[in-house]
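Q: Take a look at the following structure, please.
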Amino acid sequence: AERSAYPRCLLLRAMPQPEEDVEVRLEDQQAINQFGRLNTRMHELEDEIKEKRSQHDQLDDAANELILADDDEPVRVQYGECYFEVGKERADELLESRKDAVADEISELESQLGTIRQTLAGLKKQLYARFGGNINLEEN
């Protein structure tokens, strides 16, 4: 029952090597802090975009309901906390205007999100190059 040293050798090689301690410089800490702030802002933007898309879907639903309304029947439109009555045509104009505004807001938020994601990717590359396995910048 002689045991070969070969499997032991494989086990030793498979064990991860400990990372070297890397000094955290001021610019490293600033990059880490910037990454954290941008990551938080990215999640806020994602939530805002989700809300705006939901709002846009609700406006689409309202437009579909408006199509079914009688032409001579007044339509109640909400403005802030108040309602006022307008004709079907005017309600359609107001609805389309609001839908366009929400779509523009979504485009602006998505543009900001894209810029933040690019910056985060650059910071991630920079920080991993400096710290290797000593830093974890991935989402849990």
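Q: If we keep just the residues of the range 89-113 that are of a type in the set (D, E, K, R) and touching a residue at least 40 places away in the same chain (Cβ under 8 Å), which is farthest from E44 (Cα to Cα)?
A: K99
Q: Could I ask something else about it? Criterion first (closer than 30 Å to D28 by Cβ and touching a residue at least 60 places away in the same chain (Cβ under 8 Å)) does G132 satisfy it?
A: Spelling it out, G132 is indeed closer than 30 Å to D28 by Cβ and touching a residue at least 60 places away in the same chain (Cβ under 8 Å).
Q: Here's something else I'd like to know. In the range 81-137, how many residues are more than 30 Å from D71 (Cβ to Cβ) and part of a helix (DSSP H, G or I)?
A: Here the count works out to 30.
Q: In the range 42-80, how many are under 28 Å from E110 (Cα atoms), outside any helix (DSSP H, G or I) and open to solvent by 70 Å² or more (accessible area, probe 1.4 Å)?
A: Of all residues in the range 42-80, those under 28 Å from E110 (Cα atoms) come to 42-64, 78-80.
Those still in the list that are outside any helix (DSSP H, G or I) too: 78-80.
Right, trim to open to solvent by 70 Å² or more (accessible area, probe 1.4 Å) and you get 78-79.
Looking only at that region, the number is 2.
The values are calculated or read from the model by the stated rules, or taken from the named source; none is laboratory data. Remember, predicted model here, so these are calculated numbers, not experimental data. Note that each Cβ is placed from the backbone with ideal geometry, even for glycine, and that neighbours are counted across all protein chains shown. When the accessible area is computed, the model is the full protein with side chains, heavy atoms only, and any ligands, DNA or RNA have been set aside. Shrake-Rupley method; radii C 1.70, N 1.55, O 1.52, S 1.80 Å.
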